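A.B. asks: Here's a structure for you.
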Amino acid sequence: MFPLKTLLAVLYTQSIWTIGHSRSCGDRQIWMNEQCCDLCPPGKHVTAFCTQEEQTVCTPCEEGYFSNQSIIFDRCEKCQECQHDYAEKCTLTTNAKCSCRPGFLCSDSLCSVCGEHKCGAGEKLNRTDIPKGSGLIQYSYRCELACPDKAYFDAKENLCKPWTQCSALGLAELIPGNKTHNSVCNEPGSIHVILSIGFLLLSLSLFVFLAFACIKNLRKHKACNDPTNTRDFHLSKEESGFQITVQGDCKDSFGELHLGHHL
């Protein structure tokens, strides 16, 4: 076996020799097969490595694959597939970019998975980024209060407002504030005003009811005293031999019936 120092010396010498040759190659070349070989440009991959007779042979990436840098590989990278929508479609030189439908959020920086995340009224969504290596960042979501303590979120104006401090105004707190609504104070005379309005509406309703009943009774009384209200019905002697007179129900509930026999 070779001594360790000798082996390290050989490896060091070989590395220096390789680096010296590679430095003499161009920006888009690599030292390979004892010569400077061309790298395939973005959008292509290697189909034949360079030889002493010819340079590297490159071919465009197949559909569904891409290459965004100069490479010496014999295949391109597979395009990303999106769960929901494509923000940008995959090309020969660029990968696809994904997006989620409204109401959904990306699970990571590649938006490989879309998850539904919703917060209640008065809450906001907070995202935490978690690095996972290779440039991938995973997202973690949680709901937090949109406003600080003793404040509520005004949805119409889309901002936080402090609760009204009823005690500071010398008023009693009727309804305490929460994360979506302001506190309600018991203003002086407010109950009396509400009771007065209620009593007024009740009195008005009672007056309308009594007036309607009086008008109805007056119309009925007038109809009973009208002499034209009596209707006579006459039958011929040939049909029945009787004369019938029927009056309305003003005197009694069944009316008055007169039968007369004509000889």
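Each value in this text was obtained by applying a stated rule to the coordinates, not by laboratory testing. Owing to the predicted nature of the structure, the values given are computational and were not obtained by experimental measurement. FYI the Cβ positions are ideal-geometry reconstructions off the backbone, even for glycines, and counts take in every protein chain you see.
A.B. asks: For labels at HIS84 and SER24 in the simple 7 Å Cα→Cβ model, what's the distance in nm?
C.D. replies: 5.7 nm
A.B. asks: Going through segment 76-125, which GluC sites (Glu not before Pro) have at most 16 other Cβ atoms within 10 Å and a DSSP loop state?
C.D. replies: Loop-located and lightly packed - GLU81.
A.B. asks: Using the Karplus curve 6.51 cos²θ - 1.76 cosθ + 1.60 with θ = phi - 60°, work out ³J(HN,Hα) for each residue of segment 175-181 in order, rounded to whole Hz, and write x for Gly and Pro.
C.D. replies: Those phi angles translate into 9, x, x, 9, 6, 10, 9 Hz.
A.B. asks: Which cross-chain or sequence-distant (5 or more) residues have an amide H under 5 Å from the amide H of ASN68, H modelled 1.01 Å from N in plane?
C.D. replies: GLY43
A.B. asks: In addition: I need the phi-derived Karplus couplings for segment 90-105: 6.51 cos²θ - 1.76 cosθ + 1.60, θ = phi - 60°, integer Hz, Gly and Pro marked x.
C.D. replies: Going residue by residue, I get 6, 10, 5, 10, 9, 7, 6, 10, 9, 8, 10, 5, x, x, 10, 10 Hz, with x marking Gly and Pro.
A.B. asks: Next question. Output ³J(HN,Hα) for segment 40-48: one whole-Hz value per residue in order, computed from phi by the Karplus curve 6.51 cos²θ - 1.76 cosθ + 1.60 with θ = phi - 60°, and x for Gly and Pro.
C.D. replies: Per-residue couplings from phi come out as 6, x, x, x, 9, 9, 7, 10, 8 Hz.
A.B. asks: Then there is this: Would you list SER70, SER24 from fewest to most Cβ contacts within 10 Å? The partial results should precede the final answer.
C.D. replies: On the way: SER70 16, SER24 9.
Fewest to most other Cβ atoms nearby, the residues stand as SER24, SER70.
A.B. asks: What residues have an amide H closer than 5 Å to that of HIS181, excluding those fewer than 5 places away on the same chain, when H is modeled at 1.01 Å from N in the peptide plane?
C.D. replies: HN-HN under 5 Å from HIS181: PHE153.
A.B. asks: When Lys and Arg each count +1 and Asp and Glu each count -1, what net charge do the other residues less than 15 Å away from ILE71, Cβ to Cβ, add up to?
C.D. replies: On the way: positive: ARG28, LYS44, ARG75, LYS78; negative: ASP27, ASP38, GLU62, ASP74, GLU77.
Charge balance near ILE71 sits at -1.
A.B. asks: Listed here are the pairs LYS118/LYS161; LYS78/LYS124; LYS97/LYS132; which of them are more than 25 Å apart at the Cα?
C.D. replies: Where the Cα-Cα span goes over 25 Å, the pairs concerned are LYS78/LYS124.
A.B. asks: Ranked by Cβ crowding within 10 angstrom, fewest neighbours first, how are VAL208, VAL46, VAL113 ordered? Walk me through the numbers on the way to the answer.
C.D. replies: Values: VAL208 10, VAL46 19, VAL113 15.
The order, fewest Cβ neighbours first, is VAL208, VAL113, VAL46.
A.B. asks: Give me, ordered by chain and number, the residues 5 or more places off ARG75 or on other chains with an amide H under 5 Å from its own placed amide H.
C.D. replies: VAL46
A.B. asks: So the label point goes 7 Å from the Cα of ASP154 along Cα→C-beta, right? Which residues of segment 115-132 then have their backbone N under 18 Å from it?
C.D. replies: Only 122-123 pass the distance filter.
A.B. asks: Okay, moving on. Only sites in a loop by DSSP and with at most 10 other Cβ atoms within 10 Å count here; which chymotrypsin sites (Phe, Trp or Tyr not before Pro) in segment 141-175 make the cut? Show your work: numbers first, answer last.
C.D. replies: Details: sites: TYR141, TYR152, PHE153, TRP163; in loops: TRP163.
Here no loop site has a sparse enough neighbourhood.
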